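This report refers to the structure that appears directly beneath it.
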Amino acid sequence: MRHLLSGIAISATLLLGTVAPVAAQNLFEPVIYINNTAITRFEVDQRQRFMRILGAPNTTPEEATEALIEDRLRNWSAKQMGIQPTEEGVQAGLEEFAGRANMSGAEFVAALEGAGIDPETFRDFVVSGMVWREVVRARIVPQINVTDADVDQEYKRQIETPILSRVLISELIIPAPQGQEQQAMGLARQIASSSPNEAAFAAAAREYSASESREMGGRLGWMNIDNLPPGLRPVLASLQPGQVSQPIGIEGAVILFFMRDTAGTLRPGAGEQVIDYMTLRMASTNAAAELAARTRNCNDLYVQAGPQVAPQVQRQTISQGQIPQLIATQLASLDDDEAAVVNYGNAADLVMLCSRQPALVAEMDQGVATTALPDDGVEAAVPNPNALPSRQEIRDSVFNRKANAAADAYLAELRADAIIRRP
């Protein structure tokens with residue numbers, strides 16, 4: 001369901017042929033059984049080589065075994081559901097995967113064979129992914145429901161999240177000369193899994209790092225996110241201050257980053273709101289308070305006020321800045337469908353909040369396009385760099401996140417129920 005690495009990395013590794021042969025030692029001996037199907041040492045060796053081709057040069061036998069276990073569980077689930085890919089579908093999948101490296105299926109297989117990788121390893125990898133997608137479509141997708149509230153919540157999260165512009169990080173670069181990649185990766189994982197604080201990370205950098213920053217405990221100065229390599233930006237953007245990255249394997253080294261601080265700015269208009277609220281002028285605060293106490297929501301206010309008074313109820317949806325100050329102050333402390341009373345001495349307003357919405361979302365719902373006049377004089381829509389995704393894009397994103405989480409949970413369930421044993 002997810003692309004592991006870019007096609008550029010795949011093709012570059014294939015062309016350079018950086019996969020080193022692994023010594024054979026009883027390769028066809030089973031190393032583990034999953035629901036009575038064996039995983040052999042040969043398969044582990046092949047998967048390890050294949051993952052290296054995909055751009056993960058520090059893949060360990062343990063990681064290759066774990067990946068094969070998950071594939072076996074995916075295949076077992078598909079078999080239980082009667083899912084069997086067609087030969088035409090498999091060939092299309094092989095061609096699609098090879099296309100990521102700008103190769104045909106035949107060219108990709110030939111390159112794999114040149115690196116000592118059996119074509120069946122490639123085929124098994126693709127088929128496992130194909131049948132799992134069908135399992136997810138059949139079992140999980142029908143259960144996923146994305147509500148309007150989910151979309152609104154995601155909009156709110158995006159609007160309230162500053163756009164990252166600068167990072168303050170520390171680095172730890174562990175040398176990984178040829179033949180010592182696994183040791184370097186193991187050390188990096190040990191450091192990362194300990195969830196070090198800044199002081200502990202600095203101590204590790206002074207002890208293990210090969211960079212010039214080691215004397216400073218790996219500390220670097222503020223850096224603009226746009227100045228960093230594109231592949232590194234999402235890694236750092238996913239970190240909160242105080243967190244350490246997962247190890248990043250590159251040729252000759254393994255890198256860890258510790259996020260000390262971040263800086264960013266909210267998109268223009270992020271703090272503005274559009275308020276949907278109701279008011280009803282009443283003769284006294286007691287009468288207003290009594291009505292507020294028995295009213296459950298905005299629609300119920302008309303019912304509780306009664307047919308004689310209901311026409312006097314005013315409902316407005318306007319910008320926060322346009323609301324009278326006394327009413328706006330009361331609304332600020334209310335949740336949806338909650339009421340309060342504004343006392344004017346000789347009269348009172350019952351005030352009820354129906355909903356509050358970020359102004360940016362309200363503007364999007366109005367469908368107003370950003371336009372400009374190009375040189376030819378024809379008005380045309382132009383992209384707004386601070387624009388939010390459409391509601392459908394947000395809905396798709398939330399759907400995919402829920403589906404991925406459910407798929408991961410189901411895979412964990414399959415593993416918990418599986419019979420896994422070692423010979």
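The values are calculated or read from the model by the stated rules, or taken from the named source; none is laboratory data. The structure presented is a predicted model; accordingly, all values stated were derived computationally and were not measured. Note: ideal-geometry Cβ built from the backbone for every residue, glycine included; neighbour counts use all protein chains shown. All accessible areas refer to the heavy atoms of the entire protein, side chains included, with ligands and DNA or RNA removed. Shrake-Rupley method; radii C 1.70, N 1.55, O 1.52, S 1.80 Å.
Results, tabulated for the structure shown:
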quantity	calculated
Qualifying positions in region 34-44 - under 29 Å from residue 252 (Cβ atoms) and either open to solvent by less than 10 Å² (accessible area, probe 1.4 Å) or in contact with a helix residue (DSSP H, G or I) (Cβ under 8 Å, 6 or more places away or on another chain) (or both)	43, 44
Test set (1) in contact with a strand residue (DSSP E or B) (Cβ under 6 Å, 6 or more places away or on another chain); (2) at pLDDT 90 or above - residue 357 fails condition number	(2)
Condition broken by residue 226, with the remaining ones in (1) charged (D, E, K, R); (2) surrounded by 13 or more Cβ atoms within 10 Å (Cβ to Cβ); (3) under 30 Å from residue 158 (Cβ atoms) satisfied	(2)
Matching residues in region 139-162 - criterion: being among the hydrophobic types (A, V, I, L, M, F, W, C) and open to solvent by less than 60 Å² (accessible area, probe 1.4 Å)	140, 141, 144, 146, 151, 159
Any hit, region 127-137, residues being surrounded by fewer than 18 Cβ atoms within 10 Å (Cβ to Cβ) and either touching a strand residue (DSSP E or B) at 6+ places or on another chain (Cβ under 9 Å) or outside any helix (DSSP H, G or I) (or both)	no
Hey, residue 226 of a type in the set (Asp, Glu) and assigned to a strand (DSSP E or B) or not	no
Selection within region 306-333 - over 17 Å from residue 274 (Cβ atoms), part of a loop (DSSP other than H, G, I, E, B) and either in contact (Cβ under 8 Å) with a residue 60 or more places away in the chain or open to solvent by 60 Å² or more (accessible area, probe 1.4 Å) (or both)	307, 308, 333
Close pairs (7 angstrom Cβ cut-off, 6 or more residues apart or separate chains): under 29 Å from residue 227 (Cβ atoms) in region 167-184, open to solvent by less than 40 Å² (accessible area, probe 1.4 Å) and at pLDDT below 85 anywhere	181/58
Test: residue 254 is part of a helix (DSSP H, G or I), open to solvent by less than 80 Å² (accessible area, probe 1.4 Å), at pLDDT below 95 and among the β-branched types (Val, Ile, Thr)	no
Region 257-281, residues that are of a type in the set (S, T, N, Q) and open to solvent by 40 Å² or more (accessible area, probe 1.4 Å)	262, 265, 273
Residue satisfying condition, being surrounded by fewer than 19 Cβ atoms within 10 Å (Cβ to Cβ), of a type outside the set (S, T, N, Q) and closer than 14 Å to residue 260 by Cα, within set 199, 203, 210	199
Meets criteria (open to solvent by 40 Å² or more (accessible area, probe 1.4 Å) and in a helix (DSSP H, G or I)) for residue 345	no
Looking only at region 145-181, and only at residues there that are among the charged types (D, E, K, R) and modelled with pLDDT under 90, the one that is farthest from residue 197 (Cα to Cα)	148
Selection count, region 163-180, where residues are over 16 Å from residue 235 (Cα atoms), open to solvent by 30 Å² or more (accessible area, probe 1.4 Å) and aliphatic (A, V, I, L, M)	0
Subset of region 58-111 (residues that are touching a residue at least 24 places away in the same chain (Cβ under 8 Å), open to solvent by 20 Å² or more (accessible area, probe 1.4 Å), within 22 Å of residue 31 (Cβ to Cβ) and under 27 Å from the mean Cα position of the chain (by Cα))	70, 72, 74, 75
Residues that are outside any helix (DSSP H, G or I) and either in contact with a Phe, Trp or Tyr (Cβ under 6 Å, 6 or more places away or on another chain) or not hydroxyl-bearing (Ser, Thr, Tyr) (or both), drawn from region 51-99	54, 55, 56, 57, 58, 81, 82, 83, 84, 85
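A quick yes/no check of all residues on (1) of a type in the set (A, V, I, L, M, F, W, C); (2) modelled with pLDDT under 95:
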site: 270; (1), (2): yes, yes
site: 273; (1), (2): no, yes
site: 277; (1), (2): no, no
site: 285; (1), (2): no, yes
site: 291; (1), (2): yes, no
site: 299; (1), (2): no, yes
site: 309; (1), (2): yes, yes
site: 320; (1), (2): no, yes
site: 323; (1), (2): yes, yes
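Per-residue answers, yes or no, for (1) loosely packed, with under 13 Cβ neighbours inside 10 Å; (2) touching a residue at least 60 places away in the same chain (Cβ under 8 Å); (3) more than 20 Å from the chain's Cα centre (by Cα):
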position	(1), (2), (3)
193	yes, no, yes
216	no, no, yes
230	yes, no, no
236	no, yes, no
